[in-house]
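Student: Got a structure for you, questions after.
Derivation of every value follows stated rules applied to the coordinates shown; laboratory data play no part. Quick caveat, the model's predicted, so the values are computed rather than measured. Note that each Cβ is placed from the backbone with ideal geometry, even for glycine, and that neighbours are counted across all protein chains shown.
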Ligand SMILES: [Zn+2]
Ligand SMILES: [Zn+2]
């Protein structure tokens, strides 16, 4: 069926505004909106019926009446008046119920809400009542619409364009800073700010601070005598020390802390520091000075934690960070034996550990949170320095995920080989530090 025939059939049956008529042919033509499309079709239909009417054909007049009422088209009404014919009343659009006339109100409401946020890009999401979508689906089936688009798209695009012109901010379909969600039928507008990602590295020069907030095991966060009513096992964590000032600066509601692995509470994290990403949820401000933030965090942390290299990142960086957990790490540990050890023994130890493949069954101390299985981890290099007759310093460069404490003690036979086993003496780590985390691309 030709465009005009199809459009005529639609209008004969249902009142349609320019937007809703034009939308049924949205994929035809280029660089014009559906409102213009609808107007052009109504104009041609008016010319066609005007010609028939001038030729004295009744069909011309009745079509003009339809275009004037169901099409709400003024030109058709004018022609009928000049011909001294009766003109009926304009009808409300069957599909959008006249909602496209109220776009400005939605734009104003959106702008008002957007004022509270800093953003560079945005997207307009549209919610429609089910019955509206169903009505349009049935309509499309009835008239075999093949080159149309849906109402949601048109609302989203038209309102997005308007907001973009006023705010000079860009519409981004993939990673918008904020999403305006609106319902043209209820007039409801809500705003959803997408997370802000800040990446960096942290050093932990002081022992005794966990990486993440550790909820009290006894009361599960409610507060009890054991946790001194804090609900936490430790008063602070790296996560909280970094997130606190960041949430204050960004006006975010909450934060998630992502890191490439973690060191034990009693281990330090030295050297270049451990890569992390802080995900700030629902931030009001994004244009923050990261140098200033670095300073604030480090001042408030009082040398318990030090952040460096803060930069903005995006969601994909979080996945890459998790993958980097398997990257190489350098540890320094002080080991104490239950007897004096000879230089010869230390040489053998160094040799046996360098380029060794370690079979490590999930340690007893973490078995509650990690699956019980045997992991195979590689040690690239071990360097040993004597401190006293029964104490040594070991530097171990190994694959991420190797549990160092267990490498030393043997964990009741669960880690093999181990320092204790090679020396054939009791061995325990009395200090442990992470010197470096080597990741790709950071
Ligand atoms: Zn409409
Ligand atoms: Zn408690």
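Student: Taking 25 Å as R0, compute the FRET efficiency from the Cβ-Cβ separation of residue 9 and residue 36 and round it to 0.05. Intermediate results must be reported in sequence, preceding the final value.
Tutor: Working: r = 21 Å, r/R0 = 0.85.
For R0 = 25 Å, the calculated efficiency reads 0.75.
Student: Here is a further query. Taking only C-alpha pairs under 8 Å that are 6+ residues apart, what is the relative contact order of region 3-82 in percent? The partial results should precede the final answer.
Tutor: On the way: 98 pairs, mean separation 23.1, N = 80.
29 percent.
Student: Zone of residue 150 (label point 7 Å along Cα→Cβ, backbone N under 19 Å): which residues in region 28-59?
Tutor: Zone members listed by number: 28, 34.
Student: Going 7 Å from the Cα of residue 192 toward and past its Cβ, which residues in region 126-146 have a backbone nitrogen under 12 Å from where you end up?
Tutor: 126-127
Student: May I pose another question? Please express the Cα-Cα pair-distance distribution P(r) of region 19-110 as a list of whole percents, one per 10 Å bin, running from 0 to the bin with the greatest distance.
Tutor: Per 10 Å bin, starting at 0, the Cα pair percentages come out as 16, 41, 30, 11, 2, 0.
Student: A further question follows. Along the Cα-to-Cβ line of residue 90, 7 Å from the Cα, sits a label point; which residues in region 31-64 have backbone N less than 14 Å from it?
Tutor: 39
Student: Right, here's the next one. Send over the semi-axes of the chain's equivalent ellipsoid, whole angstrom and largest first, taken as the square roots of 5 times the C-alpha gyration tensor eigenvalues. Let's see the in-between values first.
Tutor: Details: eigenvalues 1056, 99, 61 Å².
Ellipsoid semi-axes (Å, largest first): 73, 22, 17.
Student: Relative to the first principal axis of the alpha-carbon coordinates of the chain, what is the inclination of helix 151-167, with its axis defined by its Cα atoms, in degrees from 0 to 90 and to the nearest 10?
Tutor: It works out to around 70 degrees.
Student: Using R₀ = 35 Å, calculate the FRET efficiency as 1/(1 + (r/R₀)^6) where r is the Cβ-Cβ separation of residue 375 and residue 137; round to 0.05. Could you put the intermediate results ahead of the total?
Tutor: Numbers: r = 53 Å, r/R0 = 1.52.
Efficiency for this residue pair is about 0.05.
Student: Compute the acute angle (0 to 90°) between the alpha-carbon long axis of helix 58-69 and the principal axis of greatest extent of the alpha-carbon atoms of the chain; round to the nearest 10°.
Tutor: 40 degrees
Student: Still on this model: Taking only DSSP H segments of four or more residues, each worth -39500 (n - 2.57), what value at 222 nm results for the chain once the sum is divided by all its residues, to the nearest 500 deg cm²/dmol? Don't skip to the end; give the middle numbers.
Tutor: Details: 14 runs with 157 residues, N = 442.
Calculated mean residue ellipticity at 222 nm is -11000 deg cm²/dmol.
Student: Could you check the simple spin-label distance between residue 207 and residue 285, using points 7 Å along Cα→Cβ, in nm with one decimal?
Tutor: Taking the simple label geometry, residue 207 and residue 285 are separated by 3.9 nm.
Student: If you take the beta carbon distance between residue 316 and residue 234 as r and set R0 to 45 Å, what does 1/(1 + (r/R0)^6) give as a FRET efficiency, to the nearest 0.05?
Tutor: On the way: r = 32 Å, r/R0 = 0.70.
Here the calculated transfer efficiency is 0.90.
Student: Please work out the Cα center distance from region 401-442 to region 1-79, rounded to the nearest Å.
Tutor: Between the Cα centres of region 401-442 and region 1-79 lies a distance of 80 Å.
Student: In square nanometres, what is one fourth of the surface area of the convex hull spanned by the alpha carbons of region 58-180?
Tutor: Details: hull surface 41.3 nm².
Seen from a random direction, the Cα hull of region 58-180 projects 10.3 nm² on average.
Student: If you don't mind, another one. Would you calculate the volume per residue, in Å³, of the smallest convex hull containing every Cα atom of region 199-325? Don't jump to the answer; show the numbers that get you there.
Tutor: Values: hull volume 14.2 nm³, N = 127.
So the per-residue Cα hull volume is 112 Å³.
Student: Taking N as the number of residues in region 306-407, what is its Cα Rg relative to 2.2 N^0.38 Å?
Tutor: Its radius of gyration relative to the 2.2 N^0.38 Å reference: 1.33.
Student: Which length gain, in nm to one decimal place, applies between residue 265 and residue 27 when the Cα-Cα distance is subtracted from 0.36 nm times their residue separation?
Tutor: On the way: separation 238, 0.36 × 238 = 85.68 nm, distance 6.08 nm.
Contour length minus Cα-Cα distance gives 79.6 nm.
Student: Using a 10 angstrom cutoff on alpha carbons, build the Gaussian network for the chain and name the most mobile of 137, 264, 177.
Tutor: 137
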